[in-house]
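The values are calculated or read from the model by the stated rules, or taken from the named source; none is laboratory data. Remember, it's a predicted structure, so these values are computed and weren't measured experimentally. Note: ideal-geometry Cβ built from the backbone for every residue, glycine included; neighbour counts use all protein chains shown. Keep in mind that these areas ignore ligands, DNA and RNA; they rest on the heavy atoms of the full protein, side chains included. Shrake-Rupley method; radii C 1.70, N 1.55, O 1.52, S 1.80 Å.
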Amino acid sequence: MKWYLDFGHGGKDPGAIGTNNTKESDTVLKIGILIKNNLEKAGEKVITTREKDLYYSLDFRSNKANKENCDYFVSIHMNSATNKSAKG
């Protein structure tokens with residue numbers, strides 16, 4: 001199987017901003033690299049949108065996945081809320 005991992009946002013688009021100015025784009029990149037490494041250790045082929053803090057359009061992301069003929073497309077994102085007790 002071939003996986004396409006899209007680590008949401010990046011570059012000029014930080015996504016949600018959390019406490020201490022934590023950027024969604026940085027957090028999902030770190031999580032995504034861990035997932036990529038685990039998949040590769042299991043013998044899977046993995047293509048990613050980015051492995052640095054760079055911005056790519058949605059068209060670029062989907063076109064790259066289609067060009068690579070990936071079996072799975074997983075886009076990693078996180079949410080934020082101003083309500084500190086929010087869950088889910």
On C-alpha positions alone, give me the angle between the axis of helix 58-67 and the longest principal axis of the chain, in degrees, nearest 10. 20 degrees
Can you give the calculated 222 nm mean residue ellipticity of the chain, where each DSSP H run of n ≥ 4 adds -39,500 (n - 2.57) and the sum is split over every residue, rounded to the nearest 500 deg cm²/dmol? -10500 deg cm²/dmol
Name the residues of region 47-88 whose amide N is less than 12 Å from a point 7 angstrom out from the Cα of Ile31 along the C-beta direction? 75-80, 88
Taking the Cα centre of the chain as the origin, how large is its charge dipole in debye, to the nearest 20, when only Lys and Arg (+1) and Asp and Glu (-1) carry charge on their Cβ atoms? 120 debye
Please compute the per residue accessible area over the chain with all protein chains in place, 1.4 Å probe, rounded to a whole number of Å². 68 Å²
Loop only per DSSP, at most 12 neighbouring Cβ atoms within 10 Å: give me the trypsin sites (Lys or Arg not before Pro) in region 1-61, ordered by residue number. Lys12, Lys52
Give the value in nm², to one decimal: projected area of the alpha carbon convex hull of region 1-46, averaged over all directions. 3.4 nm²
What is the antiparallel percent of DSSP beta bridges lying wholly in the chain, to the nearest 5? 20 percent
